[in-house]
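Below is one structure; the comments refer to it alone.
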Amino acid sequence: MLLSRFPRVSLAHLPTPLEPLPRLSKHLGGPNIFVKRDDCTGLGTGGNKTRKLEFLMAEALQKKATVVVTQGAVQSNHARQTAAAACKLGMKCELVFEKRVDRPSEPYVKSGNVFLDRIYGARIREVEKGSDMNAALEAVAVELAKKGELPYVIPGGGSNKVGALGYVDCAHEFMTQANRTGLRIDHVIHATGSAGTQAGLIVGLKGTNSGIPLLGIGVNAPKDIQEERVFKLAVETAAYVGAAGTVERRDIVADCNYIGDGYGIPTEGMNEALLLLARLEGLLFDPVYSGKALAGMIDLVAKRQFNKKDNLLFIHTGGSAGLFGYSDRLKTG
Ligand SMILES: *Cc1c(COP(=O)(O)O)cnc(C)c1O
């Protein structure tokens, strides 16, 4: 798979480190857990969207866009990384936020990611929960075009076949790191939301015949919907990189038992996992995505879903800026 065929702009600090988590592994009594530090991609406090934006923003530049338009929840990490990328590349940024979380607290609407969006000078609009977000993006693009701008629309989470290339590349990157250090990876685990991360990873893993199973821990949709969403995008992405037919439906596995009451709503397990990793390994996770995925992985370890001698690679997709938006809702005790 030759990704250098596609336009790309450098935004991320790559390769991100692949590190062992010895104190967590010992605490759980095995398996051996490793982390891929995609929270350290560098742009505007980092996270997984930066890899996708390397390909998306390159296309925006190629099309001579003057403004990028994207959408997400108010505490969207994707919006924050897009706003930062737009600044770095001299484009404007328009954000459409869905009020996805009911009765939001003051920190949720003012701090964390949305505070950083304001620092980056992004223009913010809000729409009601359940709005057709793609239609909302299109409407903003039409309005901007009428004003003489050249808008480039990025779907929520940067999840289309262009953005997913970033995670095809990530799979190649950690396999190279594993090959160099003699690390046998038995499972890869990460948080799955808008599907681009999982779709890209599975294309990278299957297209190279790695034989490594991938598990997405869902944060939003039920299992069947999430898996279908990932599968559809994975098939498109595979065709786009010239690896059509490498991904099968059964390769897409999402465990959606750790969502709790809904997207962006804290769970006990997430809160505990977040404190555990902070106190054992000094790592910060986020309440919406990586924290829930972590809670899922820890629970699956407790339920003996993995062999004690397995090596698990957890992809840390970032999001710790979102912690400040939840400062009044997380227990630190
Ligand atoms: C967006 C996001 C995810 C999920 O990635 P998708 O490609 O949307 O599935 C996971 N973790 C964090 C911190 C994110 O911001």
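The values are calculated or read from the model by the stated rules, or taken from the named source; none is laboratory data. Since we're looking at a predicted model, the values are computed, not measured. For neighbour counting, all protein chains shown are included, and Cβ atoms are generated from backbone atoms with ideal geometry for every residue, glycine included. Each accessible area value is taken on the protein alone, full model and side chains, heavy atoms only, with ligands, DNA and RNA left out. Shrake-Rupley method; radii C 1.70, N 1.55, O 1.52, S 1.80 Å.
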*What is the set of long-range amide H partners of residue 183 at a cut-off below 5 Å, with H atoms built 1.01 Å from backbone N?*
none
*segment 51-158: radius of gyration and largest Cα-Cα distance (Dmax), Å*: 13.1, 41
*asked:* With just the Cα atoms defining each centre, how far is segment 127-200 from segment 276-333? Give it in Å.
replied: 21 Å
*What are the ³J(HN,Hα) values, in whole Hz, obtained from phi via the Karplus relation 6.51 cos²θ - 1.76 cosθ + 1.60 with θ = phi - 60°, for each residue of segment 319-333 in sequence order, with x given for Gly and Pro?*
x, 5, 4, x, 4, 5, x, 10, 4, 8, 10, 9, 7, 10, x
*How large is the charge dipole for segment 51-158, taken about the Cα centre, if only the Cβ atoms of Lys, Arg (+1) and Asp, Glu (-1) carry charge, to the nearest 20 debye?*
280 debye
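Can you figure out the FRET efficiency of residue 4 with residue 128, using R₀ = 25 Å and their beta-carbon distance, to the nearest 0.05?
Working: r = 43 Å, r/R0 = 1.71.
Efficiency for this residue pair is about 0.05.
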*Could you point to the residue in 70, 21, 136 farthest towards the positive end of the chain's charge dipole, with +1 and -1 charges on the Cβ of Lys/Arg and Asp/Glu respectively?*
21
*asked:* Rounded, prolate or oblate for segment 252-296? Axes are the square roots of the Cα gyration tensor eigenvalues, ordered a ≥ b ≥ c, and the cut-off for rounded is a/c under 1.5.
replied: prolate
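Please give the contour-minus-distance gain from residue 146 to residue 330: 0.36 nm per residue of separation, less the Cα-Cα distance, rounded to one decimal in nm. Intermediate values should be presented prior to the final figure.
Values: separation 184, 0.36 × 184 = 66.24 nm, distance 4.40 nm.
Gain on extension, residue 146 to residue 330, equals 61.8 nm.
Over the chain, what percent of the accessible surface lies on carbon and sulfur atoms, probe 1.4 Å?
Values: 7270 of 13870 Å².
Heavy-atom surface of the chain belonging to carbon and sulfur, 1.4 Å probe: 52 percent.
Under a point-charge model restricted to the Cβ atoms of Lys and Arg (+1) and Asp and Glu (-1), what is the dipole moment magnitude of the chain relative to its Cα centre, in debye to the nearest 20? Intermediate values should be presented prior to the final figure.
On the way: 41 positive and 34 negative charges, 114 e Å.
The dipole of the chain has a size of about 540 debye.
Can you give the accessible area per residue of the chain, in Å², using a 1.4 Å probe? Mind showing how you got there, number by number?
Details: 13870 Å² over 333 residues.
Per residue, the chain has 42 Å² of solvent-accessible surface.
Subtract the Cα-Cα distance of residue 303 and residue 66 from 0.36 nm times their separation in residues, and report this length gain in nm to one decimal. Display every interim value, and only then the final one.
Details: separation 237, 0.36 × 237 = 85.32 nm, distance 5.09 nm.
Here the answer is 80.2 nm.
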_Can you give me the solvent accessible area of residue 111 with a 1.4 Å probe, rounded to the nearest 10 Å²?_
40 Å²
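Between residue 138 and residue 23, 0.36 nm times their residue separation minus their Cα-Cα distance comes to what?
36.6 nm
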*Cα-based Rg of segment 203-333 per 2.2 N^0.38 Å, rounded to two decimals?*
1.15
_Along each principal axis of its Cα atoms, how long is segment 153-254 end to end? Whole angstroms, biggest number first, please._
38, 26, 24
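What is the percent of Cα-Cα separations in the chain that go past 29 Å? Intermediate results must be reported in sequence, preceding the final value.
Details: 18241 of 55278 pairs.
Counting pairs separated by more than 29 Å, the tail of P(r) holds 33 percent.
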*Please tell me which of these pairs span more than 32 angstrom C-alpha to C-alpha: 161/309; 232/309; 99/303; 88/146?*
161/309; 232/309; 99/303
*HN-Hα J couplings of segment 251-257 from phi, Karplus 6.51/-1.76/1.60, θ = phi - 60°, integer Hz, Gly and Pro as x?*
6, 9, 10, 10, 9, 10, 8
*asked:* Set the bar at 30 Å for Cα to Cα. Now go through 36/129; 92/292; 26/331 and name every pair that lies beyond it.
replied: 36/129; 92/292
*asked:* Can you divide the C-alpha Rg of segment 3-85 by 2.2 N^0.38 Å and report the result to two decimal places?
replied: 1.38
*Search the structure for amide H atoms under 5 Å from the amide H of residue 92, placed 1.01 Å from N in the peptide plane, and list their residues when 5 or more places away or on another chain.*
67, 68
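About its Cα centre, how strong a charge dipole does segment 107-182 have in debye, to the nearest 20, once Lys and Arg get +1 and Asp and Glu get -1 at the Cβ? Before the final figure, lay out the partial values.
Values: 9 positive and 9 negative charges, 38 e Å.
It comes to approximately 180 debye.
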*What fraction of the DSSP beta bridges in the chain is antiparallel, stated in percent and rounded to the nearest 5?*
10 percent
*Determine the percent antiparallel among the DSSP beta bridges restricted to segment 51-158, to the nearest 5.*
0 percent
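Based on DSSP H assignment, which helices of the chain show an axial Cα extent of at least 15 Å together with a mean Kyte-Doolittle hydropathy greater than or equal to 0.0?
Numbers: long enough: 49-62 (19 Å, -0.27); 77-88 (17 Å, -0.65); 133-146 (20 Å, 0.89); 161-181 (30 Å, -0.20); 196-207 (16 Å, 0.70); 223-240 (25 Å, -0.38); 268-281 (19 Å, 0.40); 290-302 (18 Å, 1.12).
Passing helices, by number: 133-146, 196-207, 268-281, 290-302.
Just to confirm a number: summing +1 for Lys and Arg and -1 for Asp and Glu over residues other than residue 48 whose beta-carbon lies under 9 angstrom from that of residue 48, what do you get?
Working: positive: 49, 51, 52; negative: 38, 39.
Combined, the nearby Lys, Arg, Asp and Glu give +1.
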_Amide H of residue 127 versus every other amide H placed in the peptide plane: which residues, excluding those fewer than 5 positions away on the same chain, fall under 5 Å?_
97, 98, 99
